[in-house]
1. Based on the alpha-carbon gyration tensor of the range 99-226 and its eigenvalue square roots a ≥ b ≥ c, which shape applies: rounded if a/c is under 1.5, prolate if not and a/b is larger than b/c, or oblate?
2. Going by Cα centres, the range 33-47 and the range 83-160 are how many Å apart?
3. Farthest toward the dipole's positive end in the chain, which of Leu212, Pro115, Phe184, given Cβ charges of +1 (Lys, Arg) and -1 (Asp, Glu) about the Cα centre?
4. Can I get the semi-axes of the chain's equivalent ellipsoid? Compute them from the C-alpha gyration tensor as square roots of 5 times the eigenvalues, in angstrom, largest first.
5. So which of Lys10/Lys85; Lys10/Lys45; Lys10/Lys31; Lys10/Lys185 end up more than 20 Å apart, counting from Cα to Cα?
6. Would you mind checking which residues have amide H under 5 Å from Leu19's amide H? H placed 1.01 Å from N; only 5 or more apart, or other chain.
7. With springs only between Cα atoms under 10 Å apart, run a GNM on the chain and tell me which of Gly117, Gly42, Gly54 wobbles the most.
8. Give the Rg (one decimal place) followed by the Dmax (whole number) of the range 1-58, computed from C-alpha coordinates and expressed in Å.
Amino acid sequence: MYIECEDLLKTYRSEGAVLTAVDHVDLEVNKGDFVIIMGHSGSGKTTLLSLIGGLTRPSGGRVRIADIDNWQQSDGELAIMRNKKIGFIFQFASLMPTLTVLENILLPLSFSNTPQGDRQYALELLERVGLRGRQDDLPGQLSGGQQRRVAIARSFINRPAIILADEPTGDLDETTEQEILAIFKTFNQAGITFLVVTHNTDLALSQDSPRLFTMQNGLLAASPLL
Ligand SMILES: Nc1ncnc2c1ncn2[C@@H]1O[C@H](COP(=O)(O)OP(=O)(O)O)[C@@H](O)[C@H]1O
Ligand SMILES: [Mg+2]
């Protein structure tokens with residue numbers, strides 16, 4: 001099993017009460033799967049992704065990626081896994097405002113001297129998200145949707161095996177959204193595993209054989225295809 005959540009639990013304490021954000025979730029994902037998670041706001045989708053990505057420590061249960069338990073690793077090993085294996089696309093594009101578009105895309109590599117090949121790949125990704133020629137702009141010179149596309153390009157720079165995307169097309173116009181979905185599809189066909197949180201049913205329809213789940217009050221259930 002490639003990604004395995006077993007009895008995964010995340011609780012928060014708020015105002016003396018215990019809130020169960022992720023409620024004993026079991027999930028098995030094969031390499032190359034395209035998993036789509038839908039559900040109302042507050043149902044636990046973001047929390048589930050951050051547990052899988054090793055950003056949040058579970059209150060109970062386990063997450064294993066390629067047979068390695070996220071939290072049985074040292075902090076250093078976990079950081080390397082997050083950096084090398086996983087591409088994160090957060091709900092809100094978080095670009096560094098003082099770095100150029102190109103520098104932002106290269107940031108996860110955190111090399112002081114960027115090899116020419118990486119630079120070339122960054123420019124190629126920029127082109128694939130429809131922003132050719134914008135590499136020297138600062139994020140502030142781009143629209144919100146364009147910034148989002150830069151963040152998407154950035155998530156692929158490490159050639160990650162897994163993409164965790166939290167409402168990646170939420171604030172994009174329809175044309176951009178279709179472009180992003182097409183990009184996801186080509187990367188998925190190349191073997192990258194996707195877990196995507198979305199409200200967008202087009203996303204399911206645009207992929208070859210998506211696995212659809214719904215979250216409700218922290219519980220994850222398989223959904224019939226649309
Ligand atoms: N850091 C936190 N501290 C306390 N409660 C949180 C925290 N993060 C999320 N929650 C709560 O957990 C529940 C699930 O949140 P979230 O995973 O963000 O849902 P979704 O992404 O589906 O909107 C919500 O009730 C939310 O308020
Ligand atoms: Mg969320």
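1. Numbers: a/c = 2.13, a/b = 1.77, b/c = 1.20.
Taking the square roots of the gyration eigenvalues as a ≥ b ≥ c, the range 99-226 is prolate.
2. About 25 Å separates the Cα centre of the range 33-47 from the one of the range 83-160.
3. So the residue furthest toward the plus end is Pro115.
4. Values: eigenvalues 166, 81, 59 Å².
Over the Cα atoms of the chain, the semi-axes work out to 29, 20, 17 Å.
5. On the way: Lys10/Lys85 23 Å; Lys10/Lys45 12 Å; Lys10/Lys31 25 Å; Lys10/Lys185 31 Å.
Check vs 20 Å cut-off fails for Lys10/Lys85; Lys10/Lys31; Lys10/Lys185.
6. Close amide H contacts, sequence-distant or interchain: Tyr12, Arg13, Ser14.
7. Gly117
8. Using the Cα atoms of the range 1-58, the pair Rg, Dmax is 12.3, 42 Å.
Just so you know, all these numbers are worked out from the coordinates, no wet-lab data involved. Bear in mind that the values here come from a model prediction, so they are computed numbers and not experimental data. In this analysis, Cβ positions are derived from the backbone assuming ideal geometry, glycine residues included, and neighbour counts consider all displayed protein chains.
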